[in-house]
């Protein structure tokens, strides 16, 4: 139905809008979870390749900080890149 169609009830629009909003939120959450999983695997690979010199306690604390911060920073960079690619391929200029 078109936006100007009087036969479309006003009660149907918020339901469709809410459903599309929920679907978009689910898409964002699922994509973020998948990216975080891949980022964690990537960070595990990088951390395993690094040499471990020095005190074992300090190395473990640095590893914990690395595993907490690196995947989140990668997620921020990935979302930024996804937004840039989306803007690049968007039809028309806004």
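Can you pull out the residues in region 70-94 that are more than 15 Å from the chain's Cα centre (by Cα) and closer than 28 Å to residue 30 by Cα? Let's see the steps before the verdict.
Step one: of region 70-94, the residues more than 15 Å from the chain's Cα centre (by Cα) are 87-94.
Listed by number, the residues that qualify are 87, 88, 89, 90, 91.
Looking at region 39-57, which of its residues are more than 20 Å from the chain's Cα centre (by Cα) and either surrounded by 10 or more Cβ atoms within 10 Å (Cβ to Cβ) or closer than 21 Å to residue 29 by Cβ (or both)? Can you show your working first?
Taking region 39-57 first, the residues more than 20 Å from the chain's Cα centre (by Cα) are 45-57.
Hits for region 39-57 are 46, 47, 50, 52.
For region 14-36, give me each residue that is modelled with pLDDT of 90 or more and more than 17 Å from residue 71 (Cβ to Cβ). Break it down into steps so the answer makes sense when it comes.
Residues of region 14-36 modelled with pLDDT of 90 or more: 22-36.
Across region 14-36, the qualifying residues are 22, 23, 24, 25, 26, 27.
The values are calculated or read from the model by the stated rules, or taken from the named source; none is laboratory data. This structure is a prediction, so every number in the text was calculated from the model and none was measured. In this analysis, Cβ positions are derived from the backbone assuming ideal geometry, glycine residues included, and neighbour counts consider all displayed protein chains.
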